[in-house]
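All remarks here apply to the structure that follows.
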Amino acid sequence: FSQPEKTSVLVRGLQQSRAVSNCSLVDDYRHQQLEQMKKRLGEYGEPLMVGEYKQLRMMFDSGCPAMFWLFAHTDGLYDLQDVIQRKLRGKQSGDGAEVVGIGVGSMVLARYSVDKAVYRAKVEEVIEGELFSVRYIDYGNRDDTLTKDDIYPWDEMLEIIPPQAVPCCFYKASEAISKKTSLNLKEMEAFTLLMKQSSPMQMVVHRRNNLPLDVFDTSVHQLGPDLVVSLRGKDGRDVLHKLSKLSAFTACFGQKTQELDKLQPKTEVPTEKAIKQLEALQPPAPLHAVPHPLHLHDADLVQDDGDGPPSPVHPMFTS
């Protein structure tokens, strides 16, 4: 090499070394940021396990008595969404089309069709390699209308924070309730209204059916509830007891429950088709120019004092 060529090689080497060093510094910073965020989440910074969660934090998103989705409403959740939005700032369309092997079970970052923000998600269905149905793992809702442009590659560092949403079923519910995957419109509206009016709720986890953090395993598909829970609404009353008082569900709690069970087909777990049909009964939420998430429009929330960054509008059930 001539002297100019040697100098050029040295300069390129220094530039590459600096680039690698900068990337390493950024990764270290993000890792520390997520670890601090995990601490701020407190007990919700760890997978939900058997025990009592006394704070009024659990919010209903969607589902039916046989399997419903709850998520923990915390300031840490807003912090997590802010990190994700910053990470993908400036990217108007996803590059999921470039990800090799993306399919059912894949972890992704997915744009939500209502607010156009991006959230942690798991692919539940792929139609002809072009359309994607995903489950947002921090809220529990689905979006069935995504294209490749809405899909971004997964970031394994985000697995530091456990999913903030979890599928549940009621503890000590009669079989007429625990197997009730077929609801008419009246029943679905009554159940959804009860759960939303009861939120935020206290929760006692009596049993965990699946291993913690299974959601990050691409080979694991959601077939049934993760947690068996008791819930107490913000009014202090047991939610399952309140459900038994609704006219739409009195037959499920009456003396004829066993007779009704014999007439109904037995299903071990809610099927994906049944859950999708139930979810489809709830219409999309209208957009509201409000500082708190669309999900929580009807909840009694303490408003932000405005000193922190704006909370991203998070997914509301749309399927």
Original post:
Between a first residue in the stretch 23-44 that is touching a residue at least 12 places away in the same chain (Cβ under 8 Å) and under 11 Å from Leu80 (Cα atoms) and a second residue that is open to solvent by 70 Å² or more (accessible area, probe 1.4 Å) and outside any helix (DSSP H, G or I), which pairs have beta carbons less than 9 Å apart while being 6 or more apart in sequence or on different chains?
Top reply: Lys38/Glu46
Subject >> Complete set of residues in the stretch 138-158 that are closer than 25 Å to Val26 by Cα and among the aliphatic types (A, V, I, L, M) >> reply: Ile151, Met157, Leu158
Original post:
If you check Val126 against the conditions, is it part of a strand (DSSP E or B), within 23 Å of Ala72 (Cα to Cα) and among the hydrophobic types (A, V, I, L, M, F, W, C)?
Top reply: no
**OP:** Inspect all residues belonging to the stretch 151-159 and state whether any of them is open to solvent by 10 Å² or more (accessible area, probe 1.4 Å) and in contact with a strand residue (DSSP E or B) (Cβ under 6 Å, 6 or more places away or on another chain).
**Re:** yes
Subject >> Complete set of residues in the stretch 174-205 that are closer than 25 Å to Ile161 by Cβ and either open to solvent by 60 Å² or more (accessible area, probe 1.4 Å) or free of Cβ contacts under 8 Å to residues at least 40 places away in the same chain (or both) >> reply: Gln202
**OP:** Output the residue which, of all residues in the stretch 41-56 that are at pLDDT 95 or above and hydrophobic (A, V, I, L, M, F, W, C), is nearest to Met201 (Cα to Cα).
**Re:** Leu56
Original post:
Only one of (1) open to solvent by 60 Å² or more (accessible area, probe 1.4 Å); (2) part of a helix (DSSP H, G or I) fails for Arg89. Which number is that?
Top reply: (2)
**OP:** Pick out the one residue from Leu56, Leu77 that is part of a helix (DSSP H, G or I), out of contact with any helix residue (DSSP H, G or I) (no Cβ under 6 Å at 6 or more places or on another chain) and on the phi < 0 side of the Ramachandran plot.
**Re:** Leu77
Original post:
In this structure, does Pro212 turn out to be part of a loop (DSSP other than H, G, I, E, B), closer than 25 Å to Gln55 by Cα, modelled with pLDDT of 95 or more and open to solvent by 20 Å² or more (accessible area, probe 1.4 Å)?
Top reply: no
Original post:
Does Met203 qualify as being of a type outside the set (D, E, K, R), in a strand (DSSP E or B) and under 25 Å from Arg40 (Cβ atoms)?
Top reply: yes
**OP:** Filter the stretch 160-173 for residues that are assigned to a loop (DSSP other than H, G, I, E, B) and either of a type in the set (Val, Ile, Thr) or surrounded by fewer than 19 Cβ atoms within 10 Å (Cβ to Cβ) (or both) and give the result.
**Re:** Ile161, Tyr171, Lys172
Original post:
Going by the conditions given, is Phe216 in contact (Cβ under 8 Å) with a residue 24 or more places away in the chain and more than 19 Å from the chain's Cα centre (by Cα)?
Top reply: no
Original post:
Residues in the stretch 132-144 that are in a strand (DSSP E or B) and in contact with a Leu (Cβ under 7 Å, 6 or more places away or on another chain): how many?
Top reply: 2
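Conditions tested, residue by residue: (1) open to solvent by 20 Å² or more (accessible area, probe 1.4 Å); (2) under 16 Å from the mean Cα position of the chain (by Cα).
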{"residue": "Met49", "(1), (2)": "yes, no"}
{"residue": "Leu56", "(1), (2)": "yes, no"}
{"residue": "Ser62", "(1), (2)": "no, yes"}
{"residue": "Ala66", "(1), (2)": "no, no"}
{"residue": "Asp79", "(1), (2)": "yes, yes"}
**OP:** Can you tell me which residue among Tyr112, Tyr136 is open to solvent by less than 10 Å² (accessible area, probe 1.4 Å) and modelled with pLDDT of 95 or more?
**Re:** Tyr136
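The values are calculated or read from the model by the stated rules, or taken from the named source; none is laboratory data. Everything numeric in this text was worked out from a predicted model, so none of it was measured. Don't worry about glycine lacking a Cβ; one is built from the backbone with ideal geometry, like all the others, and counts go over all protein chains shown. Ligands, DNA and RNA are excluded from the accessible area calculation, which covers all protein heavy atoms including side chains. Shrake-Rupley method; radii C 1.70, N 1.55, O 1.52, S 1.80 Å.
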